[in-house]
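Report on the following structure.
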Amino acid sequence: MGGKQDENVWYVIQTKTGNEEDVRDLVLKMTDKTLCRRCFLPLFEEVRRREGKSRIVFRRLFPGYLFLDTKNPTAIHMTLKRIPEFTRLLSYEEEDGEKLFLPVDEEDEAFLDSLFDEGVMHVSYVHQVKNGRIGQVVGPLARYSTHITKLEYRHRLAIVEADIFGKHRRIKFGLWTEEDEPLPWLEEQLAQGKKETKPFLPDIDLGLAPGDRIMDETGVYGDQVFVVDSVDKKHRTVQTIARLGLATVRIELFADKVRKV
C-alpha cells in the first residue's frame, strides 16, 4: 500500500469496544469528505445453530477497531481529538515529539483484502471428509485452511491464528455446509468448479423492485428486514441493503425465497 502523501492509505482507529459505530458516524460527520473516503467497522458472519438449522448473525471481527481510508491522517487525528470518548489513530512518537501515524502495512492490507467484501467477512463453505479432515473449502477461509488451530464443524466455527496489527490474534470464521440453506454467492462459486451447465432460466418478472422491503423466508438471517437495491432476473437473485445495529451491509438473496413486508 505504501505511505505516499498524495495517495489514500488505510489507517486503524482504536476506540472503546461498543463505541465503534458511534465513532464511525462522528468521524464521517465531522470530517471533510475529501479527507476520508471510507470508514468501516469490520464484521464477520457468525453462524448459530438452533433446532438443526443454521442462522447468520453479524459480529465485530476486531472489537475496538475501525478502518479509515485517508491521505491526511494528521487532519483525522485532530478530528478524533474532538470526540469525547477514548479514540485514537494507532501511532508512535519520535524523539523530537512528532507523532507519526502507522498505516496498515502491505502484508496486513493483503490479509484484510482477502477476507472482506465491503467490510463484511462472509461465511466459508467447508466439506468435511472422514476423520474430521477438511475437504473442499470455498470463501475467505480457503487461503488459510492450513492455518486452522481450532475447528468445530458441528458449531460451524473455525479459528485461524495470525499476526496482524502488531499482535498475535485468533480470528473467527463462520462455516457453511451442504446441510445448510443455499446462499447465492456460495452456489455461484461452487458451480465454477463444476463442468455441468446451469439450467436456462427465462428472463421473467420476479415481482420485486428496488426499494421493496423483504424478509428471507429460509430463516438464515432471522427476522431481519432488507431493502432491495437491485434485481438480477437472469440469476433470480436480489442485492439488498440492511441497516444493522453495527453497520450497513449488502447481502445477496434468492428471489424465490423472500417475501415482501
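Observations on the structure shown:
- Close contacts from the range 6-21, counting a first residue that is modelled with pLDDT of 80 or more and a second that is among the acidic types (D, E) and part of a loop (DSSP other than H, G, I, E, B), with Cβ to Cβ under 9 Å and a gap of 6+ residues or different chains, come to T15/E85; K16/E85; N19/E85.
- For P202: the one exception among (1) at pLDDT below 90; (2) in contact with a helix residue (DSSP H, G or I) (Cβ under 7 Å, 6 or more places away or on another chain); (3) farther than 25 Å from E21 by Cα: (2)
- Inside the range 108-128, residues that are of a type in the set (F, W, Y) and touching a residue at least 60 places away in the same chain (Cβ under 8 Å) make up a count of 2.
- Residue that is nearest to V9 (Cα to Cα) [pool: residues in the range 31-66 that are acidic (D, E) and modelled with pLDDT of 85 or more]: E45
- Restricting the range 219-241 to residues that are crowded, with 16+ Cβ neighbours inside 10 Å and either out of contact with any strand residue (DSSP E or B) (no Cβ under 8 Å at 6 or more places or on another chain) or aliphatic (A, V, I, L, M) (or both), the residue that is nearest to R48 (Cα to Cα): V220
- I214 falls short of the stated requirement of being assigned by TED's automatic domain parsing to the domain that holds F62, at pLDDT 85 or above and β-branched (V, I, T).
- Of all the numbered requirements in (1) without any contact (Cβ under 8 Å) to a residue 60 or more places away in the chain; (2) among the aliphatic types (A, V, I, L, M); (3) within 21 Å of A247 (Cα to Cα), L41 misses one, and that requirement is (1).
The values are calculated or read from the model by the stated rules, or taken from the named source; none is laboratory data. Predicted model, so just to flag it, every value in this text is computed and none were measured. Note that we place each Cβ from the backbone using ideal geometry, even for glycine, and neighbour counts take in every protein chain shown.
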